[in-house]
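The values are calculated or read from the model by the stated rules, or taken from the named source; none is laboratory data. Being a predicted model, the structure only gives us computed values, none of them experimental. Glycine also receives a Cβ, built like all others from the backbone with ideal geometry; neighbour counts cover every protein chain displayed. These accessible areas exclude ligands, DNA and RNA; they are computed on the full protein's heavy atoms, side chains included. Shrake-Rupley method; radii C 1.70, N 1.55, O 1.52, S 1.80 Å.
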Amino acid sequence: MDELKGDRVVLRPLGADDVPVLVEIQSQPSVARSWGRPDEAALRRQAAGESEETSFAITVDGAVAGLIQYVEENDPMYRHAGIDIFLSEAFQGLGLGADAVRTLARHLVHERGHHRLTIDPAADNAPAIRAYEKVGFRRVGVMRQYERLPGGDWHDGLLMDLLADEIR
């Protein structure tokens, strides 16, 4: 798989060398709050292509800034792709998340043939929601008690989607 180039980010296929850096990033409080503790074995499976997700290291000027991945639903009646992303605290708030999501969205629409994409941030994650709206994602609705937080409490998720002709 080739690298995907955004305005300021490069998405490159996840490699085994990226795993230690991503474990560190996923251990950061703002990332761990949503993603839970890092699962190094799962990251290694993703890097080896042994996972249902297709994963990329998000790089900025050659430095690993986070991870972005997608999973595809290939049933013709429901065909779409879902995106997940996390960024290191050092790279949050700089517009890089929107750049990474937009870059992957364009790939999924133009190269993978998807007409619809989904993303599902925590309903109270205002910075992430703003970033996804900058790309063109729209709020579909709140999924109540959607996901269990690392501490064991349930939280609501916001389902957002983007149609192919809505990418900004």
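Structure data summary
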{"item": "Solvent-accessible area per residue, Å², over the chain with all protein chains present [probe radius 1.4 Å]", "result": "54"}
{"item": "Residues whose placed amide H lies under 5 Å from that of His114, excluding near-sequence neighbours", "result": "Val109"}
{"item": "Å³ per residue enclosed by the Cα convex hull of the chain", "result": "116"}
{"item": "J(HN,Hα) series, the range 64-73, from Karplus relation 6.51 cos²θ - 1.76 cosθ + 1.60, nearest Hz, glycine and proline x", "result": "6, 10, x, 9, 9, 8, 9, 10, 10, 9"}
{"item": "Cleavage-rule hits, chymotrypsin sites (Phe, Trp or Tyr not before Pro), the range 5-82, DSSP coil, Cβ neighbours within 10 Å at most 12", "result": "Tyr78"}
{"item": "Residues Arg112 and Ala16, FRET efficiency given R0 of 25 Å [Cβ-Cβ distance, rounded to 0.05]", "result": "0.55"}
{"item": "Alpha carbon centroid spacing (whole Å) that separates the range 78-126 from the range 139-168", "result": "12"}
{"item": "Helix-only mean residue ellipticity at 222 nm for the chain, each DSSP H run of n ≥ 4 adding -39500 (n - 2.57), per residue, nearest 500", "result": "-8500 deg cm²/dmol"}
{"item": "Mean Cα-pair separation over length for the chain, i.e. relative contact order, pairs under 8 Å, 6 or more apart, %", "result": "20"}
{"item": "Full-stretch length increase - Gln145, Glu133 - with 0.36 nm per residue and alpha-carbon distance subtracted", "result": "2.1 nm"}
{"item": "Accessible surface of the chain, 1.4 Å probe, proportion on carbon and sulfur as whole %", "result": "46"}
{"item": "Relative compactness, the range 38-124, computed as alpha-carbon Rg over 2.2 N^0.38 Å", "result": "1.13"}
